Each structure stands twice: as C-alpha cells, then as structure tokens.
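Accompanying notes for the structure given below.
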Amino acid sequence: MPSSRDISFSQISDLVEKLMQIAKAICIPYSIESFVLSKLHTVSLMYLQLDYIGQALDLLVSVS
C-alpha cells in the first residue's frame with residue numbers, strides 16, 4: 001500500500017477541481033458530474049483517514 005502521505009488533501013482537491021473543469025468543458029451532464037464528484041470526495045476522505053491512521057501508528061511506534 002502506498003504511503004498516504006504521498007498524496008495530500010490539497011492535491012486531491014486540486015485534482016477534483018481540474019476534473020470538474022474538464023467535465024464542464026466537455027459538457028458532461030450534471031448528474032454524472034455530481035456522481036463522479038461524490039465518489040472522488042469519498043476517496044479523498046479515505047485518504048485522509050489513512051493519513052490519520054498512519055500518523056497514529058507512527059506515534060505508537062515512537063512511544064513504545
């Protein structure tokens with residue numbers, strides 16, 4: 001599993017923003033656009049959770 005620290009939340013947000021611009025440029029219907037955005041949001045939240053878990057594990061390792 002790649003380290004979640006390699007991908008920051010702001011990078012994911014930038015990616016989502018770029019994808020939204022592309023979607024608007026090629027006129028993807030709103031329902032598809034919002035569906036894709038909700039999936040990307042879910043993925044970005046998962047990355048955030050992985051990052052918190054990784055930090056917690058690092059903390060546990062450094063304490064023990």
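Spin-label model, Ala56/Asp14: points 7 Å from Cα along the beta carbon direction are separated by 2.9 nm.
Convex hull volume of the Cα atoms of the range 9-63, normalised per residue: 49 Å³.
Rule-based calculations on the coordinates, nothing more; no lab input. Given the structure is predicted, the values throughout are model-derived calculations rather than measurements. A quick note on method: Cβ atoms are made from the backbone with ideal geometry, for glycine too, and the neighbour counts reach across all protein chains shown.
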